[in-house]
1. From the set of residues in segment 197-212 that are touching a helix residue (DSSP H, G or I) at 6+ places or on another chain (Cβ under 9 Å) and part of a loop (DSSP other than H, G, I, E, B), which is nearest to residue 57 (Cα to Cα)?
2. Residues in segment 16-26: is at least one under 21 Å from residue 220 (Cα atoms), modelled with pLDDT under 80 and in contact with a strand residue (DSSP E or B) (Cβ under 9 Å, 6 or more places away or on another chain)?
3. Can you name the residue in segment 198-223 that is within 22 Å of residue 65 (Cβ to Cβ) and in contact with a strand residue (DSSP E or B) (Cβ under 6 Å, 6 or more places away or on another chain) and, of all such residues, is surrounded by the fewest Cβ atoms within 10 Å (Cβ to Cβ)?
4. Looking for whichever is at pLDDT 85 or above and over 17 Å from residue 221 (Cα atoms) here; the options are 51, 55, 96. Which one fits?
5. Which of the numbered conditions does residue 195 fail, given that it passes all the others? Conditions: (1) touching a strand residue (DSSP E or B) at 6+ places or on another chain (Cβ under 8 Å); (2) over 18 Å from residue 84 (Cβ atoms); (3) at pLDDT below 90; (4) surrounded by 15 or more Cβ atoms within 10 Å (Cβ to Cβ).
6. Counting residues that are surrounded by 15 or more Cβ atoms within 10 Å (Cβ to Cβ), in contact (Cβ under 8 Å) with a residue 24 or more places away in the chain and touching a strand residue (DSSP E or B) at 6+ places or on another chain (Cβ under 6 Å), which strands (runs of 3 or more DSSP E) fully inside segment 73-184 reach at least 2?
């Protein structure tokens, strides 16, 4: 999960690789949200230009400040996973620091405590060229993969039996994996906020077609979740037809 700079908002970005019951084929979901994954503003931004999100919430509606619905959704996704994929030194260290502190935080909510436990006991991959083994402590079930090796490593894992693999945060990573045709679903949660400018969700226009497979809203929340299947073949055939 992305650790928000503000103590009010702590969240994550993730991509999931799931194993189906009928075919041991894993796939990746890229999820965009606040409270459990990366956020998306109504005008399509992922974060502010300074790579923080505090400014995005300057005009966040007061009715939604204590909304915990997406924490519960994040726990739902994490319960279904057997592998977490984190990327970037700053993101990894920030999330590790936050989630390892939650069990000792007297103000932590029950769902945050469950999320911290899920983080702790789920196997993790860290995609980074600068993270070293001492940086992983106290997490023990964590493995470092170089940026260059990430596509092949994830492709290999997709071919193995297992449950979901969740890519947390990692906008740069999952944008790159789209190019390698390794993202199978995009889960985008739009927040009722307008950024005005910042860092967009996508790097340019990826050569993919999207098919809506699921949507969700939560009582008392201003967020809306849209889940899309990434279709590479349809995008290819449409370009060839031009």
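The values are calculated or read from the model by the stated rules, or taken from the named source; none is laboratory data. Everything numeric here is computed off the predicted structure, so don't read it as measured data. Here Cβ is always computed from backbone atoms with ideal geometry, including for glycine, and neighbour counts include all displayed protein chains.
1. That would be 198.
2. no
3. The selected residue is 217.
4. Matching residue, one of 51, 55, 96: 96.
5. With (1) touching a strand residue (DSSP E or B) at 6+ places or on another chain (Cβ under 8 Å); (2) over 18 Å from residue 84 (Cβ atoms); (3) at pLDDT below 90; (4) surrounded by 15 or more Cβ atoms within 10 Å (Cβ to Cβ) applied to residue 195, the lone miss is (3).
6. 81-87, 123-127, 164-168
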